[in-house]
Amino acid sequence: MNLTLHQRYMAAAVALALFLIVHFLGPVLTPFVVSMVLAYLGDPLTDWLEARGLSRTLSVITVFVLIFSFVFGMLLIVIPTLAHQIKTVIDLLPQFEVWFETNLLPYLQKYISVDGSLVNLAELSKKMSGQWQQAGGFLASIGVSVTKSSMALMGVVANLLLVPVVAFYLLRDWDRMMADLGMLLPRNVEPVAVGLLKECDEVLGAFFKGQLMVMVALGAIYSLGLGLIGLQFAILIGMMAGLASIIPYMGFVLGFAAALIVAMFQFDSYTGIATVVAVFMVGQALEGWVLTPLLVGDKIGLHPVAVIFALMAGGQLFGFIGLLIALPMAAVIMVFLRHLNRNYKASDLYTAGAEEV
């Protein structure tokens, strides 16, 4: 890609402008970023319906209804159950402390020096219960204050309505907008730029349509499996494992450790522990042999360390909006780094060094 000096200055200016916009307008951009993600996810299905004879608008309405029905249905089912299980965990912390001191602590003290007073789950339970009640009171006070302020109420309602409205228009005009953006590219760099954008689209598709689906599938598999064997807090542990699986193997490690501790506390025999092991072995096998190859493939190419760094850097630089865009941006950066690597190895700088050796 041969850029003129003027084009390089323009590219740098655009990149700087985007950085400043995201940095200073992060809270404002959040609903637009969410809408863009929804439009990007819904575009392939919309194109498929359009190819089957439906109009673009009718295709968008169909996809729109499917997406939001799924999202709201999951929220209505999962959130109340998670809240109940979190409250139950807090209430059972004193019993966990008794179990720890009776069963696990004597075993640990045979090999290492462990002070039992360091584990005070009863006190932790009191503090967390207080925080939980304060959180509920805080949310209630927010609701009261919002209803008292017409401007605040209008702002909340506007933000809630903004996402579906913006997502609808973005999805309806997605193909035309992409074509218009392509026409804005300088003609001398258009072929290479289009190739890079297609590669970025494959990577982002693998992430949004693949990795996120893997996370949801793993959360459902672990929750269902642990629920079938009668483990307490099955949904809470399963959802935690699914969310943590955005970092390779992290979901398996955290979920398995939490489920194993609960199983040791709940079951009196090794059979219950064995069934927990079986659930996570099945989940790991499905992830490695079915879900990841089928839904993600090898297009993302982000090392686990790069995933952790991207999430931390995005949160540090841009807050919540940074967490939303961290991994997609990291995946796109990896595409450009691979392109630079190919150009470097094809350049005289690299081959001349090889000839000298």
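A short reminder: the numbers here are calculations on the coordinates, not readings from a lab. All values derive from a computational prediction rather than experimental measurement. Using ideal geometry, Cβ is built from the backbone for each residue, glycine included, and neighbour counts are taken over all protein chains shown.
See the values below:
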read-out: Ordering of 166-177, 78-89, 337-348 by burial proxy (mean other Cβ atoms within 10 Å per residue, highest first); value: 166-177, 78-89, 337-348
read-out: Global size of the range 192-239 as Cα Rg and Dmax, reported in angstrom; value: 17.0, 55
read-out: For the range 167-283: rounded, prolate or oblate by the Cα gyration tensor [a/c cutoff 1.5]; value: prolate
read-out: The range 165-241 and the range 256-298: distance between their alpha carbon centers, rounded to Å; value: 25 Å
read-out: J(HN,Hα) series, the range 265-279, from Karplus relation 6.51 cos²θ - 1.76 cosθ + 1.60, nearest Hz, glycine and proline x; value: 6, 8, 8, 8, 10, 6, 5, x, 5, 5, 5, 4, 4, 5, 4
read-out: Spin-label pair Ala13/Leu54, simplified geometry with 7 Å Cα→Cβ offset, distance in nm; value: 4.3 nm
